[in-house]
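J.: Please read through the structure below; I'll follow up with questions.
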Amino acid sequence: MPHSALITPGDDRSPVLIHVPHASRIIPLELRPDLLLTDIELAAELDEATDTATDDIAAAALHHTRLKPTTVVNTLSRLVIDPERFPDASEPANAFGRGAVYTRTCTGTPLRTEPYPRTTHLIDTYFRPYADAVTTAVDDRLHSCGRAVIIDLHSYPATPSSFEDPAAERPALCIGTDTVHTPEWLIDAVHGAFASLPEIGQIAENTPYAGTYVPLRHYGRDERVSSVMIELRRDIYLTDPRTPDDARVDQLGRALAVLIDAITAQVTADV
């Protein structure tokens, strides 16, 4: 079954996998009629929901790394499916219509009918094939390097969405962690790579977002898989919701490359 994961293999010696799940604005034409928004409303929703240019930041990093990582980019919008949610009732974001298949917009208005009758179809057609592809990419890193380190790359708007805590800190860089899969050295490596950038002032952990992506096959089961989430506040690199500042994208790409090289060095030393 086809999937929306665009996988670019890296160097066989690199344990790093950059995951870019929310950079796309693409919605298949056959799914558009199910979205209860005008074209203008949909454009505004995509502006708020899309991690614009995070794929560009990942691409910029590849020009500056010693060993190129594997990259996995979701080529479809998160409004199709969100690959970083649990695909069942255990997903907390279901409470506000933002589970694996969204039924509410960022402002809380209806996006799809509730209950949405095609949820299972979207999960089977898009979510599971994507998850399988990312799992295979992680397994490939484990096979080649004995370890896999996921950099889960995101961004977020300066203004909170309706479902977020308006009192939560919104630093220039949020580091998302997991108690099992994010070792302290990986957190320290993120701080070290990004702290010197003039655009990066405050760095905080797990605010306004917490956690990081690990494929379900490995989650809580395989400590050879490490992961850290990087959330960049969009105003530090976008001039408007759709337009990146190329110079800042390159600077962030260089910092990401420093992180990638530090991870590779750490894993090589451990192995």
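The values are calculated or read from the model by the stated rules, or taken from the named source; none is laboratory data. Not measured: the values here are computed from a predicted model. Quick reminder, even Gly has a Cβ in these numbers, built from the backbone with ideal geometry, and neighbours come from all protein chains shown. Ligands, DNA and RNA are stripped out before the accessible areas are found, and what is left, the full protein with its side chains, is counted by its heavy atoms. Shrake-Rupley method; radii C 1.70, N 1.55, O 1.52, S 1.80 Å.
J.: Only one of Leu6, Leu17, Leu67, Leu37 is modelled with pLDDT of 95 or more, closer than 26 Å to Thr107 by Cβ and of a type outside the set (Asp, Glu); which?
T.: From the options Leu6, Leu17, Leu67, Leu37, the qualifying one is Leu37.
J.: Do we find a residue being open to solvent by less than 20 Å² (accessible area, probe 1.4 Å) and within 29 Å of Leu256 (Cα to Cα) anywhere in segment 111-129?
T.: Within segment 111-129 (the criterion being open to solvent by less than 20 Å² (accessible area, probe 1.4 Å) and within 29 Å of Leu256 (Cα to Cα)), the answer is yes, since at least one residue qualifies.
J.: Now, a different point. Looking at segment 93-106, which of the residues that are part of a helix (DSSP H, G or I) and of a type outside the set (S, T, N, Q) is least open to solvent (accessible area, probe 1.4 Å)?
T.: Ala93
J.: Something else about it: Taking the condition at negative phi and more than 17 Å from the chain's Cα centre (by Cα), does Ala95 pass? Even if it seems obvious, please write down each step before you answer.
T.: Working: at negative phi: yes; more than 17 Å from the chain's Cα centre (by Cα): yes.
Spelling it out, Ala95 is indeed at negative phi and more than 17 Å from the chain's Cα centre (by Cα).
J.: Could you list all residues from segment 32-48 that are open to solvent by 30 Å² or more (accessible area, probe 1.4 Å) and either hydrophobic (A, V, I, L, M, F, W, C) or outside any helix (DSSP H, G or I) (or both)?
T.: Leu36, Thr38, Ile40, Ala44
J.: Looking for whichever is among the hydroxyl-bearing types (Ser, Thr, Tyr), open to solvent by 30 Å² or more (accessible area, probe 1.4 Å) and within 17 Å of Thr8 (Cβ to Cβ) here; the options are Ser90, Ser144. Which one fits? Let's see the steps before the verdict.
T.: Working: Ser90 fails: within 17 Å of Thr8 (Cβ to Cβ).
Step by step, each of Ser90, Ser144 is checked, and only Ser144 is among the hydroxyl-bearing types (Ser, Thr, Tyr), open to solvent by 30 Å² or more (accessible area, probe 1.4 Å) and within 17 Å of Thr8 (Cβ to Cβ).
J.: Return a yes/no flag: does segment 152-159 have any residue that is in a helix (DSSP H, G or I) and either charged (D, E, K, R) or closer than 30 Å to Leu173 by Cβ (or both).
T.: No, there is no match, as no residue in segment 152-159 is in a helix (DSSP H, G or I) and either charged (D, E, K, R) or closer than 30 Å to Leu173 by Cβ (or both).
J.: In segment 2-20, how many are of a type outside the set (A, V, I, L, M, F, W, C), in contact with a Leu (Cβ under 6 Å, 6 or more places away or on another chain) and under 24 Å from Gln266 (Cα atoms)?
T.: 3
J.: Confirm whether Asp51 is crowded, with 16+ Cβ neighbours inside 10 Å and either touching a helix residue (DSSP H, G or I) at 6+ places or on another chain (Cβ under 6 Å) or part of a loop (DSSP other than H, G, I, E, B) (or both).
T.: yes
J.: Against the conditions (1) more than 21 Å from Lys68 (Cβ to Cβ); (2) at pLDDT 95 or above, where does Ala257 fall short? Just the number, please.
T.: For Ala257, the exception is condition (1).
J.: I'm checking my understanding of the structure. Among residues of segment 261-270 that are among the hydrophobic types (A, V, I, L, M, F, W, C) and under 15 Å from Ala61 (Cα atoms), which one is surrounded by the fewest Cβ atoms within 10 Å (Cβ to Cβ)?
T.: Ala262
J.: Which condition breaks for Pro83 when tested against (1) assigned to a loop (DSSP other than H, G, I, E, B); (2) out of contact with any Phe, Trp or Tyr (no Cβ under 7 Å at 6 or more places or on another chain)?
T.: Pro83 satisfies every listed condition except (2).
J.: Name the residue that is nearest to Val214 (Cα to Cα), counting only residues in segment 59-87 that are open to solvent by 40 Å² or more (accessible area, probe 1.4 Å) and not polar (S, T, N, Q).
T.: Top of the filtered list is Glu84.
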